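Novice: The following block contains the structure, expressed as structure tokens.
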Amino acid sequence: QVHSVESGGGLGQVGGELRLSCAASGSIFSIKPMGWYRQAPGKQRDLVARISSSGSTSYADSVKGRFTISRDNAKITVYLEMNSLKPEDTAVYYCNEVPPTAPWGQGTQVTVSS
């Protein structure tokens, strides 16, 4: 399993940008598809971006064209570049394997204010 620590969240403005980082551990990181998930208050946790071990990416419709997921296998880190922020992007963001078989980390709070 891959264990992750998320960081980089905070207060963003509508139309602004934030960059999230996920420091992972686990010898199998490089072969695992990884994803960023988010959970807004009162809602379920959803996958918003996925990256395969080879770097292929896919996105939820709600973030397509605005968010970019990337990974650095040497640094065992996954990133989420968030642009053109919207209030509906407000959530706690988590990274995990896809599917999420590893324990969840604490996540990082993103709040988008207008």
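Novice: Filter the range 61-81 for residues that are in a loop (DSSP other than H, G, I, E, B) and open to solvent by less than 30 Å² (accessible area, probe 1.4 Å) and give the result.
Specialist: Correct list: 63, 66.
Novice: With the requirement that a residue be open to solvent by 10 Å² or more (accessible area, probe 1.4 Å) and under 14 Å from the mean Cα position of the chain (by Cα), what does the range 82-96 give you?
Specialist: Listed by number, the residues that qualify are 83, 90, 92, 94.
Novice: Are any residues in the range 97-108 under 11 Å from the mean Cα position of the chain (by Cα) and on the phi < 0 side of the Ramachandran plot, and if so, which ones?
Specialist: Result: 97, 108.
Novice: Is it the case that the range 44-51 has a residue that's over 19 Å from residue 2 (Cα atoms) and free of Cβ contacts under 8 Å to residues at least 12 places away in the same chain?
Specialist: Yes.
Novice: I've got another one for you. Starting from residues that are over 14 Å from residue 80 (Cα atoms) and hydroxyl-bearing (Ser, Thr, Tyr), keep the ones in the range 5-44 and report whichever is modelled with the highest pLDDT.
Specialist: 25
The values are calculated or read from the model by the stated rules, or taken from the named source; none is laboratory data. All figures in this text were calculated on a predicted structure; none of them were measured in a lab. Heads up, the Cβs are rebuilt from the backbone with ideal geometry, glycines too, and the neighbour counts pull from every protein chain shown. Side chains are part of the model used for accessible areas, which takes the heavy atoms of the whole protein and leaves out ligands, DNA and RNA. Shrake-Rupley method; radii C 1.70, N 1.55, O 1.52, S 1.80 Å.
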